[in-house]
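The block underneath contains the structure these notes are about, expressed in structure tokens.
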Amino acid sequence: MRPGTSYLARARSDAEDRLVEADEPLAGMQLRSGGDLPGTIATPALLELVRKARRYGLKLARPIYARDDHEAVTAWIEVIPGPDGCEIGLANWQSAPIPIEDAASIEQRRAEIDRDLAEFNARLDAQQAVLSADAASPELRPLVDAMRKGVGQPWTDFVQVEGSQHHQPLHWRLLDGAAVRLPGSNRRWRASLVPLGGPEAGANGFELYLVADEPPARPAALAEVAVARVAPGAAIGRDVAPVLRQPIARIIANAETIRTRLAGPLAEEYSNYAADIAAAGQHLLALIDDLSDLEVVEADEFTTAPDHIDLADVARRAVGILGVRAQERGILIDTPGPDEHLPAIGEFRRVLQVLLNLIGNAIRYTPEGSHVAVSLASEGGKACIVVADQGQGLSEEQQAKVFEKFERLGRSGDGGSGLGLYISRRLARAMGGDLVVRSEPGKGARFILSIPAAG
């Protein structure tokens, strides 16, 4: 260190970036962060600064931000490299206790991780009866088919809850985190129940996620089979998507665990890196889903399975699924009342898919604290659902492009692929209907889904 330089504390590292001696409070932070003395520097921000100084042979001085097991620290550090390591000087030190997080925040983060990692998801009503089900893994397709045929039955009728002989749903808190076995799967699974609605948890139903303790067996072999089935010129094989989705979902889940510091204290910059990784993974998953749907709807043999449905009921279900996302942005969704009905002919799953896309877009692009209106209409033998937002609106030129493939109208950073509206219109037309937009700049947009009316 320079003669006459005044420091609160001093430390020294060797050529392998091990802290070989240190004064307090640097020594205490090293030990509380899980390191040894002597031992490799355990504070990530300090280790990075020491490595840079040693690598470039330059004196470096800057603030670092660190966390140990009980406090957050801001410190001004000076590092002077030498032939056998670095001299470290602490010029300023400020610490504050880490605030204790409330249980609700911890549960919310856990639910976010389970959403990313789950290979199966379902929407349940307030009595835990199945409303809809879907799965990312072909292994769980029999379970999905059984639940879709058994809509209205308790979800526990379709799985085996380990350690319980109870045939009706227990209280959701007893089932949240329970080990379950699924028909046709040799893997062990864990159930995650996310309650919707308040102030009473679960008043608006539940989201059910099933998370496996281990990834599917032989992913490489599955990938080889899947790639072999991809048709020439196809965007992505229908068998490839599940194989890609599994490892990406686990990357996201691990990144979220790091970001939220569930695995232990971590410097803010590394938490931010993990957040970027998780966001990129989410975008990649959404793109895989969109490309899979694109391949399906553009296939020559693609058809829908028309049935008698109630458009009002489908609209209410879509709003219920996206209700939490709307609440996070303070957006109120006006939806058809429980006494409203609009009989139509269409495939329930595809109509729900289109509405989730339209309402999700409205929530994403309408200002916080505003309204999104979902209403019913009939016109020329067609049953219609209108999704109206209070966003910036679209010009005539934008309206002409909005349904084109990969068109995002210049938006960036919103995680979209530019395929949602293209796929939605293809689905609407495959069901004998259409999807159009009515808008003016500054006056929001109205997307109108129409399918044949029943009777």
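Of the residues 379, 347, 368, 340, which is farther than 24 Å from residue 454 by Cα, assigned by TED's automatic domain parsing to the domain that holds residue 426 and of a type in the set (Asp, Glu)? Don't jump to the end; show me each part of the working.
Working: 379 fails: farther than 24 Å from residue 454 by Cα; 347 fails: farther than 24 Å from residue 454 by Cα; 340 fails: farther than 24 Å from residue 454 by Cα.
The unique qualifying residue is 368.
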Subject >> Any pair with Cβ under 8 angstrom, 6 or more apart, that starts in region 100-122 at a residue that is farther than 20 Å from residue 215 by Cα and in the same structural domain as residue 142 (by TED's automatic domain parsing) and ends at one that is modelled with pLDDT under 75 and polar (S, T, N, Q) >> reply: 109/260
Original post:
Are any residues in region 32-50 at pLDDT 85 or above and surrounded by fewer than 16 Cβ atoms within 10 Å (Cβ to Cβ), and if so, which ones?
Top reply: 36, 38, 39, 40
**OP:** Sort out which residues of region 115-152 are under 23 Å from the mean Cα position of the chain (by Cα), of a type outside the set (A, V, I, L, M) and outside any loop (DSSP other than H, G, I, E, B), and write them in order of number.
**Re:** 115, 116, 120, 121, 123, 132, 134, 138, 139, 141
Subject >> Enumeration of residues in region 13-31 that are in a strand (DSSP E or B) and either surrounded by 18 or more Cβ atoms within 10 Å (Cβ to Cβ) or under 41 Å from the mean Cα position of the chain (by Cα) (or both) >> reply: 13, 18, 19, 22
**OP:** From the list 132, 137, pick out the single residue that is surrounded by 17 or more Cβ atoms within 10 Å (Cβ to Cβ) and at pLDDT below 85.
**Re:** 137
Subject >> Verdict on residue 350 being in contact (Cβ under 8 Å) with a residue 12 or more places away in the chain and surrounded by fewer than 17 Cβ atoms within 10 Å (Cβ to Cβ) >> reply: no
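Residues that are assigned by TED's automatic domain parsing to the domain that holds residue 114, at pLDDT 70 or above, hydrophobic (A, V, I, L, M, F, W, C) and surrounded by fewer than 20 Cβ atoms within 10 Å (Cβ to Cβ): does region 221-232 have at least one?
no
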Subject >> Spans of strands (runs of 3 or more DSSP E) in region 325-395 with at least 1 residues at pLDDT 90 or above and over 13 Å from residue 311 (Cβ atoms) >> reply: 332-334, 371-379, 382-388
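The values are calculated or read from the model by the stated rules, or taken from the named source; none is laboratory data. Note that the coordinates shown come from a computational prediction; the quantities given were computed from them, not determined experimentally. Please note: Cβ atoms are built from the backbone with ideal geometry, for glycine as well, and neighbour counts cover all protein chains shown.
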